[in-house]
1. What's the number of the only condition in (1) out of contact with any strand residue (DSSP E or B) (no Cβ under 6 Å at 6 or more places or on another chain); (2) closer than 27 Å to Ser335 by Cβ; (3) buried (at least 21 other Cβ atoms within 10 Å of the Cβ) that Thr368 fails to meet?
2. Please work out which residue is most open to solvent (accessible area, probe 1.4 Å), limiting yourself to segment 294-322 and to residues that are touching a strand residue (DSSP E or B) at 6+ places or on another chain (Cβ under 8 Å) and basic (Lys, Arg).
3. When the residues of segment 32-67 are filtered to those that are without any contact (Cβ under 8 Å) to a residue 40 or more places away in the chain and within 18 Å of Leu136 (Cα to Cα), which remaining residue is surrounded by the fewest Cβ atoms within 10 Å (Cβ to Cβ)?
4. Taking the residues in segment 342-379 that are of a type in the set (A, V, I, L, M) and part of a loop (DSSP other than H, G, I, E, B) as candidates, determine which candidate is nearest to Asp393 (Cα to Cα).
5. Which of the residues that make up segment 404-428 are open to solvent by 10 Å² or more (accessible area, probe 1.4 Å) and in contact with a Leu (Cβ under 9 Å, 6 or more places away or on another chain)?
6. Hey, among the residues in segment 161-174 that are more than 20 Å from Asn255 (Cα to Cα) and open to solvent by less than 10 Å² (accessible area, probe 1.4 Å), which one's farthest from the chain's Cα centre (by Cα)?
7. Among what's in segment 300-320 and is more than 14 Å from Pro285 (Cα to Cα) and of a type in the set (A, V, I, L, M, F, W, C), pick the residue that is nearest to the chain's Cα centre (by Cα).
Amino acid sequence: MLSVRFSNIVTSLFLDTGIKSSIVKLELPRELANRVLFLDSSDRQLLTIPSDILELEELEELHLEKNLIQTIPSEIKLLQNLKVLYLHDNNIEHLCDELSELKNLLSLDLSNNPLTRAAGSLWVVSRLRSLRELRLYNLNLGELPVQICKNNYNLELMGLSGNDLVLLPSEMTNMTKLREIYLQRNRFEMLPSVLCQLPDLQIVDLEQNALGAIPDEIASLQKLKKLFLASNSLALLPDSLFKCTNLIVLDVTNNQLRKLPRSLSALTGLVELGLSNNKLCVFPPMLGKVVSLQVLYLKNTGLRTLHSRCANLTEIRLLDLSQNKFSTFPAEICSLVNLEVLSLDDNRLHEIPAEVKNLSNLKCLGLTGNRFVHFPEEICFLASLEKLYLGQDQGFKLTAVHKSIGLLQNLRELYLENNIFEMLPATIGLLKNLEILDCHNNQLLELPNSICNLQGLKKFFLQCNRLTCLPDDLDRLLTLQALTLEENPLQDPPLEVCTQGIAAINRHLQEKRRCKALATNVRRKSFSIIFCWEYFSFLISFL
């Protein structure tokens with residue numbers, strides 16, 4: 001099993017797909033039905049919209065997503081106060097004409113429905129002129145209906161991800177109020193120039209297309225705040241892009257970039273930058289001038305060193321340098337005193353400098369897949385650390401955990417899998433806040449009794465070790481929810497007990513203690529009887 005890597009868990013702090021999740025279901029008494037404003041009937045296996053719902057004249061928000069609805073009844077027009085209607089993830093093939101009579105509708109989601117001739121079916125939507133949000137994800141649209149572009153000019157959000165779009169109609173320039181557009185997973189080869197004529201655009205998402213270029217006209221988007229261009233074929237970024245000086249998030253992960261233009265330094269308000277999976281090979285020195293950066297992804301970019309200007313990025317909270325070629329821990333990192341998350345997984349590190357203790361705010365540290373010969377004791381002085389990843393898939397394996405691990409009083413998750421530890425230090429029992437301990441695939445022969453002091457432990461992974469017994473008081477870990485013990489030569493408790501789960505293990509340990517206590521009492525009584533008999537015999541000998 002591969003080691004856990006923090007860099008595979010962390011995601012963007014700012015990405016918003018524009019899709020709202022289902023709201024908690026709400027049931028109201030029948031006598032209040034005529035006053036219902038909100039109703040969630042999502043994920044109820046409904047085949048049609050119940051007539052009772054269509055009688056709720058005051059209804060303003062209706063959730064019917066994740067059902068089996070095939071048709072929308074004409075009575076839908078009775079819901080004249082409806083403002084929000086979610087119908088995504090159903091089996092709707094056709095939109096009834098009466099849907100267009102919902103004159104107060106502000107938000108409509110029709111995503112993930114098998115609409116026949118989807119583009120033609122959407123003419124009904126074009127008559128909903130009050131719409132502010134329209135989501136049409138995964139409808140196999142080959143084109144965006146011109147009528148929507150002409151008539152739905154009040155739209156502020158449009159979701160078109162997961163379709164088959166190559167172009168956007170020129171009539172889209174009518175949508176002057178549009179602020180957010182989501183176009184992931186289509187077939188665009190160039191950022192549509194028509195978008196550059198929508199002055200209010202703040203969020204543009206074109207991830208997972210085939211973009212090879214960005215038009216110079218993008219400079220006109222002066223309100224643009226978030227631009228997502230990951231997983232395309234961009235070989236360069238134009239200087240014009242960096243005239244969008246209000247950008248706070250730019251993601252160009254997984255493209256073909258080899259360098260960045262100097263004009264990048266003009267983005268003085270940039271907060272998050274994704275550059276992972278590009279062939280940069282050298283840390284872009286102009287990044288040192290973007291001192292507003294808080295989140296920086298540089299995973300798998302061929303880096304061997306950092307530029308000295310990196311030390312200027314004192315606002316950095318998250319830094320991902322995993323899957324690079326660092327053989328020494330970059331000294332510049334030790335100057336980033338506000339750093340909270342650092343991933344250096346899958347590099348070539350041999351040791352950690354003592355200066356790492358300067359990272360007093362560091363909460364998460366990923367060091368999986370490096371070349372440590374000895375446990376890096378220096379990390380044990382990171383008092384704020386909450387998550388530590390030190391698993392090793394191959395090559396160099398750690399043989400011992402340093403006893404200083406007990407200093408990490410705030411540690412909540414500790415990953416030590418795929419090493420060759422034979423024992424854990426007793427000081428591990430001092431980690432009072434630990435919730436997850438992963439020691440699978442090591443050489444553990446026994447566990448220290450102090451492990452039973454981890455009263456907050458919820459998950460304990462011990463499979464693929466050499467354990468023959470468990471601590472007698474392990475059942476006192478009252479919060480334990482998961483305990484994996486497969487592929488251990490366990491004798492106490494027996495393997496057949498362990499396979500039954502935590503409750504069976506606890507019963508075994510409790511019975512063992514009871515029997516031990518009983519045996520102790522029997523021995524004490526026997527000793528008393530023997531002592532009394534010997535004393536009596538001693539007295540008799542004098543008579």
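The values are calculated or read from the model by the stated rules, or taken from the named source; none is laboratory data. It should be emphasised that the depicted structure is a prediction, and the values quoted were computed from it without experimental measurement. Because the Cβ atoms are built from the backbone with ideal geometry, glycine has one as well, and the counts that use them run over all protein chains shown. These area figures cover heavy atoms from the full protein model, side chains too; ligands, DNA and RNA do not enter into them. Shrake-Rupley method; radii C 1.70, N 1.55, O 1.52, S 1.80 Å.
1. Failed condition: (1).
2. Taking segment 294-322 first, the residues touching a strand residue (DSSP E or B) at 6+ places or on another chain (Cβ under 8 Å) are 294-299, 313, 316-322.
Restricting the remaining residues to those that are basic (Lys, Arg) gives 299, 317.
Working: Lys299: 34, Arg317: 70 Å².
Ranking the candidates gives Arg317 first.
3. Within segment 32-67, the subset without any contact (Cβ under 8 Å) to a residue 40 or more places away in the chain is 32-41, 43-62, 64, 67.
Adding the requirement that they be within 18 Å of Leu136 (Cα to Cα) leaves 62, 64, 67.
Numbers: Leu62: 24, Leu64: 25, Asn67: 22.
Of everything passing the filter in segment 32-67, Asn67 is surrounded by the fewest Cβ atoms within 10 Å (Cβ to Cβ).
4. Initially, segment 342-379 is screened for residues of a type in the set (A, V, I, L, M), giving 342, 344, 349, 352, 354, 356, 359, 362, 365, 367, 373, 379.
This time we only want the ones that are part of a loop (DSSP other than H, G, I, E, B), so: 344, 349, 352, 359, 362, 367, 373.
Working: Leu344: 15, Leu349: 15, Ile352: 20, Leu359: 27, Leu362: 24, Leu367: 12, Val373: 14 Å.
Per the criteria, the residue is Leu367.
5. Filtering segment 404-428 down to residues open to solvent by 10 Å² or more (accessible area, probe 1.4 Å) leaves 404, 407, 409-410, 412-413, 415, 420, 422-423, 425-427.
Within segment 404-428, Leu407, Gln409, Asn410, Arg412, Glu413, Tyr415, Ile420, Glu422, Met423, Thr427 meet the criteria.
6. Going through segment 161-174, the residues more than 20 Å from Asn255 (Cα to Cα) turn out to be 163-165, 167-174.
If we keep only those that are open to solvent by less than 10 Å² (accessible area, probe 1.4 Å) too, we end up with 165, 172.
Values: Leu165: 29, Met172: 34 Å.
Selected residue: Met172.
7. Checked segment 300-320; the qualifying residue nearest to the chain's Cα centre (by Cα) is Leu318.
Listed here are the residues, each with its yes/no results for (1) free of Cβ contacts under 8 Å to residues at least 12 places away in the same chain; (2) of a type in the set (Val, Ile, Thr); (3) open to solvent by 20 Å² or more (accessible area, probe 1.4 Å).
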| site | (1), (2), (3) |
| --- | --- |
| Cys464 | no, no, yes |
| Thr479 | no, yes, yes |
| Asn488 | no, no, no |
| Leu495 | yes, no, yes |
